[in-house]
Every structure is written in structure tokens, then in C-alpha cells.
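This report concerns only the one structure given below.
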Amino acid sequence: MKIRKLTASFGKLENESLSFHEGLNVIYAPNESGKSTWCAFIQAMLYGVDSAERARAGHLPDKQRYAPWSGAPMEGTMELTADNCDITLSRTTHAKGAPMKEFSALYTGTNTPVDGMTGQNAGELLTGVTRDVFRRTAFVGQGAVAVSGSPDLEKRIAAIVATGEEQSSFSEADERLRAWQRKRRFNRRGLLPELEGRMDELQGRLDDMGGSVEDVQRLERELEQNRADCARLEQAVTESRKRQRKDALSRLSSGHKELQEASDAHDETVQALSRRREELRQSDFGDMSREALHEKLTRDREELKSLSRTRKTGKALWPAILCFVLAAVCAAVYSVKPLLPVMCAAGLLCAAAVVLLLRYSKARQTAQQALERRRQILKSYRVSTAAELEGILRRHMALEDALREAEEAERLSREAYEQTRTRITSLEESAISELDFASGSTEAAKLSRALTAARAEGERLSARIAELNGRLSAMGDPLVLASSLSCLREQYEQIQEEYDAISMAEDALREADTELQRRFSPELGRLAAQYMSEVTGGRYEDVLINRDFSARARTKGDALARDSEYLSAGTLDLMYLAVRLAVCELALPEGEPCPLIIDDALVNLDETRFKQAMELLKQIARDRQVLLFTCRQA
């Protein structure tokens with residue numbers, strides 16, 4: 001097949017035309033002039049535009065990327081020669097959502113359609129390969145020199161190496177086998193894990209049923225024993241409570257009696273104290289203390305003594321009488337014999353008598369007053385003599401002593417009453433604690449708690465038995481479960497056999513693929529090495545190609561091949577171009593070859609290697625049409 005002329009309304013191309021001849025066609029144009037658009041147009045004319053492709057991050061589908069900038073419908077024609085016939089392909093757009101969907105293939109210059117050629121198979125009929133193989137062989141896109149594997153390319157290689165039929169692909173077969181394997185087992189998913197889970201569930205249910213029946217029987221025995229224990233504890237609690245109540249009431253009764261006796265004794269001492277206080281209050285000196293009374297008696301006794309002395313001094317009247325008698329004698333003597341000394345003596349005696357008389361009168365008056373005061377003092381004590389005052393003090397002291405004894409007796413009885421009451425209060429609290437049969441520390445409380453725990457245990461056992469019986473009812477018939485388990489095991493064994501057979505088939509497929517690669521890779525490597533040597537002036541003599549079409553190159557002076565990471569960008573492009581040309585040579589159909597379309601794949605080469613690459617393309621163009629779109633002058 002050879003392309004003669006293209007006319008396109010495609011992307012930036014607006015009804016533009018491009019003509020080609022046999023051999024090497026170099027289409028030179030600067031960047032952004034439409035070279036990649038022409039390449040995409042050739043592919044679209046052969047294989048159509050995928051209208052189902054959707055936009056995604058960083059990628060636009062061809063139906064959007066190459067929509068005509070003018071807004072016109074996407075369309076074009078391709079004039080070509082195939083099998084010595086000139087054919088014109090046309091693709092037009094009637095519906096916006098289906099660009100270039102309308103297709104026609106006519107013999108050039110006629111209205112006669114090419115028999116059997118449609119928009120879906122035109123590219124494969126003309127090139128001999130599918131779109132996927134064409135893009136990985138004869139179509140070298142910009143920045144996509146390296147070959148990548150695909151199921152279609154594998155089918156093509158298998159057809160070349162083996163039977164010639166393009167119906168089998170290792171990737172597709174391997175993926176199909178893996179899908180079958182994943183369907184049966186993939187980690188914890190698939191038919192086998194599902195069956196294992198169901199079998200484990202049924203086996204667990206059967207095991208649970210057997211264990212549950214034994215558990216129910218055991219729990220029923222425990223429940224019967226629990227009920228007997230509860231009956232025994234109820235009897236023990238009843239007896240203990242009766243005994244504890246009786247003891248507590250007896251102690252409380254005895255304590256209350258003792259408290260009443262202490263209260264009565266205290267009442268008696270209080271009454272005696274009242275009587276003593278009343279006696280003291282009714283005494284001559286009332287509540288006067290003995291110290292005050294003693295001080296008063298001492299003071300009054302001293303005063304009585306002083307009054308007694310004053311009374312005795314007041315009885316001396318005879319000196320005054322004597323002076324009067326002597327004065328009378330002197331007067332008589334003077335009357336007989338008037339002598340001046342006698343007269344003077346009489347006068348003096350009379351004066352002395354008067355003075356003495358006045359003194360006597362005053363002393364007598366003082367004695368009367370002292371006597372009256374003495375009578376008042378004795379009267380205040382209700383005695384007649386001073387000697388009786390000591391008896392009054394002794395009687396008053398005796399009353400005070402009796403009062404103090406009564407007070408002491410009242411204090412002692414009150415303390416005894418308080419102690420008894422405190423003890424009775426403690427006894428009441430102890431009795432209340434003993435009568436608390438829930439949280440106390442007595443035997444009855446302990447037995448009550450044991451009974452409560454036993455009843456709770458009985459309720460737990462009953463609930464557990466009911467739960468197990470419910471589970472047994474929900475589990476169903478053991479015979480049915482056993483039968484289902486047997487069926488699942490048979491199904492599991494069958495699927496396991498299928499899984500093992502698939503694993504064996506996958507191993508065999510890998511061995512066959514290895515053999516296929518062993519037969520195809522050496523020839524591919526030999527041809528790629530030949531091309532690599534030509535474009536590098538003989539510097540690289542070996543190209544080693546892996547199954548995924550990644551490659552390594554070895555120079556004449558190196559013992560080992562270099563990985564792609566160690567090659568320059570230009571050398572890397574040359575290596576993958578050599579691999580691509582070798583794949584084209586081996587993978588594309590024999591007979592009339594399809595054109596080789598290269599979109600700016602030589603931009604990283606220096607002048608020398610660019611010329612060497614052009615020489616190689618010229619050699620290839622002898623047998624195959626080559627369309628080289630480049631921004632470099634050839």
C-alpha cells in the first residue's frame with residue numbers, strides 16, 4: 001500500500017492537501033505547522049475516530065483535539081494504491097457526536113465501491129494489521145519511538161512465529177486464566193474462600209449444636225443444684241434473722257432497763273440536791289459561803305469584844321462622887337476658917353467632880369450604845385451570847401458540806417446516766433446494723449448476700465439455657481446441615497480441581513510464551529542490531545530486547561550491554577527506532593508493505609547520526625513507502 005494524496009479538514013488543517021510519492025517522503029515544516037495533525041489524520045482515515053473515547057486528566061480524545069478550528073465538519077480523503085488498484089477513501093461527519101463516521105471506499109475515478117471494505121475494517125484490510133499493531137509498528141508518533149507490548153501485537157508475533165493465525169495472545173490468555181483463577185480464589189475472595197467460609201460456618205454450627213446440647217445439659221444440672229442451694233440459704237437466712245432479731249431486742253431491752261435505772265438514780269440525786277439547796281437557802285445565812293460567813297463572824301466577834309471593853313469602862317462613877325465629897329469638906333472647912341488655899345482646893349475639886357461627872361455621863365452613854373450594838377449583833381445571829389456564834393458557823397458549814405456531797409452525787413449520777421445513754425445509743429446503732437440484712441457484716445447479712453448471688457446465678461443459668469435452646473432451634477435440623485455440608489465439600493473439591501487445572505494451564509502458557517519469545521527475540525534482536533549499527537556508524541553492534549520490548553545496547557568495546565538509563569537521549573531514540581524498524585520488518589505482513597509514518601522522531605540526533613538515520617530510511621524506502629515529518633532540513 002502506498003499513499004498518494006491527502007486532503008483534510010482536520011484540526012488546524014482547513015481543506016489542505018498533501019501529496020506523496022514512492023520511497024522516502026520528507027515533509028519538512030517548523031514546529032506547530034501541522035505535522036502531528038497530518039499523522040493523526042492518516043490514522044483517522046485508515047481506522048476512523050473513536051467517538052466513545054472520553055476526556056480525562058491530561059488527555060483529550062481525538063474527536064475534541066482535532067475538531068476543525070474553523071468549526072467546519074471533520075472530514076477528508078485519502079488517495080492510495082493497494083494491490084495495484086487506485087483507491088480513494090472518504091470520511092465525513094453527519095452527526096457531531098460521531099466525527100468521520102460516514103465512510104466510502106471507491107476505485108479512483110469511478111463510482112465503484114471497493115467490495116468488502118468498510119469504515120471499521122478499512123485500515124486492517126489495507127495495512128494487514130489492527131489499529132493497535134499499526135500504532136506500535138509502522139506509526140511512529142512524536143515522542144513515542146519506543147515499542148510497547150499489547151495483546152494484538154502478541155497475536156501478530158505468534159502468527160508469524162507459530163501457526164499464522166492471529167487469534168491467540170499470551171497477555172489475553174494469561175489475563176483470562178488469571179481472571180478464572182481470581183474468580184475461584186484471590187486472597188480471601190472467590191468461590192473457594194466463599195465455600196470454605198460456608199463449610200466452616202456449617203461445620204461450626206454442627207459443632208456448636210453438639211457443644212450446645214452438652215452445655216444445656218450441664219447448665220440444667222447446675223441450675224438444679226443452684227435451686228437446692230437457694231432453698232438451703234433461704235432457710236438459713238430465715239433462722240439467722242430470727243436469732244439475730246431476738247438477740248438484738250434482748251440487748252436493747254436490757255440496755256433500756258439499765259438506762260431507766262440510771263435515770264431514776266439521777267432523778268433521786270437531783271431531788272436530794274434540791275433539798276440541800278433549799279435547806280441552805282432557808283438557813284440563817286442563806287447561800288452565803290462559809291468563807292464569807294467566817295469572815296463576817298470574825299469581824300463581829302472582834303466588834304463584840306470591843307463593845308464589852310467599852311461597857312466595862314463606863315461603870316467608874318465613884319471618882320466624881322469622891323471629888324464632890326472632898327469639895328464639900330473643903331467648903332465646910334472654908335466656912336469654919338476661910339482660907340484661900342482651902343477655897344481654891346474646893347473649887348478645883350468641884351471642877352474635877354464636874355469633869356468626871358461629864359466623863360462618866362459620856363462613858364455611860366457610850367456603854368449603853370455598845371450594849372445596844374451588842375444586842376443587835378447577837379440578835380442578827382439569833383443567839384444570846386458570843387459563845388454560841390461558833391455553833392452557828394459549824395451548822396452552816398455542815399449544810400454546805402451536805403450540799404457539796406449532794407452536788408457530787410448528782411454529778412456522778414449524771415455522768416453515769418450519760419455513759420449509759422451513750423452505750424445504749426451505740427447498742428441501738430449496733431442493733432440497727434445487725435438488723436440490716438443486706439449490707440451488714442453479720443451472719444444474716446452474709447447469708448442474705450450469698451442468697452442474692454445464688455438467685456442471680458440461677459437467673460443467669462436460666463437465661464443461658466433459654467439462649468442455647470433458642471440457638472439450637474434456629475440452627476435447624478442437624479441431618480439437613482450435615483447433608484448441606486457434604487454437598488458443599490463435593491462442590492469445593494470440583495472447583496479446587498478446576499483451580500489446579502487452571503494453574504497448570506497458566507504454567508504451560510508461560511512455557512509456550514517463553515518458547516515463542518525464544519524463537520522471535522533473537523531474530524528481532526539481530527535485525528535491530530543491524531539497524532542500530534548502521535545509524536551509529538558501527539559503534540553499537542548488539543541490541544538485547546526484553547519481552548516488553550524494552551532494550552539494551554552494547555558497543556564494540558563493552559563487555560556488557562548498557563541499560564537505557566545510561567544512554568543519551570539521541571542514542572536512546574536511535575535504539576528504539578532500530579527496534580521499531582525491526583518490529584515493522586518482522587511483524588507487518590509480507591507482500592505489499594504498508595507505509596512507515598514517522599513524526600519528528602529524529603529531533604534529538606546530531607548531524608552525523610541524523611544523516612546516518614536518513615541513509616537507513618532511504619534503504620528501507622526501497623521496499624516500503626516512508627513518510628518522515630520533521631522540523632529539520634534533510
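Numbers for the structure displayed
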item	result
For Q625, distant residues with modelled amide H under 5 Å away	G23, L596
Under-5 Å amide H pairs with L567, H placed in peptide plane, nonlocal only	none
Total formal charge among the other residues, if their Cβ is under 12 angstrom from that of A453, Lys/Arg +1 and Asp/Glu -1	+1
FRET efficiency, 1/(1 + (r/R0)^6) with R0 35 Å, evaluated for A328 and R395 via beta carbons	0.05
Solvent-accessible area of S104 with every protein chain in place, 1.4 Å probe, in Å² to the nearest 10	40
27 Å Cα-Cα reach of K12 towards lysines, excluding residues that sit fewer than 8 places from it in its own chain	K2, K35, K63, K96, K101
Stretch gain in nm, segment A501-R221, where the contour uses 0.36 nm per residue and the Cα spacing is subtracted	95.3 nm
In Hz, Karplus ³J(HN,Hα) per residue of segment 105-116 (6.51, -1.76, 1.60; θ = phi - 60°; x = Gly, Pro)	10, 10, 5, 4, x, 10, 10, 8, x, 6, 5, x
Estimated inter-spin distance, A179 and S33, nm [label 7 Å along Cα→Cβ]	4.7
Accessible area in the full protein assembly, largest first, 1.4 Å probe, for H266, H59, H94	H94, H59, H266
With DNA, RNA and ligands ignored, accessible area of E408 (1.4 Å probe; Å², nearest 10)	80
Within-11-Å neighbourhood charge of I3 [Cβ basis; K, R +1; D, E -1]	+1
Nitroxide proxy distance, nm - points 7 Å out along Cα→Cβ at R375 and E278	3.7
Rounded accessible area of K2 (nearest 10 Å², 1.4 Å probe)	50
Largest to smallest accessible area among M117, M100 [probe 1.4 Å]	M117, M100
Efficiency of FRET between K242 and S473 - r from beta-carbon atoms, R0 41 angstrom, step 0.05	0.35
FRET E, pair K618, R56, Förster distance 45 Å, beta-carbon r, rounded to 0.05	0.65
Net lengthening on full extension, R539/H94 (0.36 nm per residue, minus Cα-Cα)	154.7 nm
Integer Hz, Karplus 6.51/-1.76/1.60 couplings in order for segment 52-59, x for Gly and Pro	8, 5, 10, 6, 9, 4, x, 8
In sequence order, calculated HN-Hα J values of segment 226-231 (Karplus, 6.51, -1.76, 1.60; Hz; x Gly/Pro)	4, 5, 5, 4, 4, 4
Accessible surface ranking that places the most exposed of Y66, Y334, Y28 first, with a 1.4 angstrom probe	Y28, Y334, Y66
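The values are calculated or read from the model by the stated rules, or taken from the named source; none is laboratory data. Computed from a predicted model, the values in this text were never measured in an experiment. For neighbour counting, all protein chains shown are included, and Cβ atoms are generated from backbone atoms with ideal geometry for every residue, glycine included. Please note that ligands, DNA and RNA were not included when accessible areas were found on the heavy atoms of the full protein model with its side chains. Shrake-Rupley method; radii C 1.70, N 1.55, O 1.52, S 1.80 Å.
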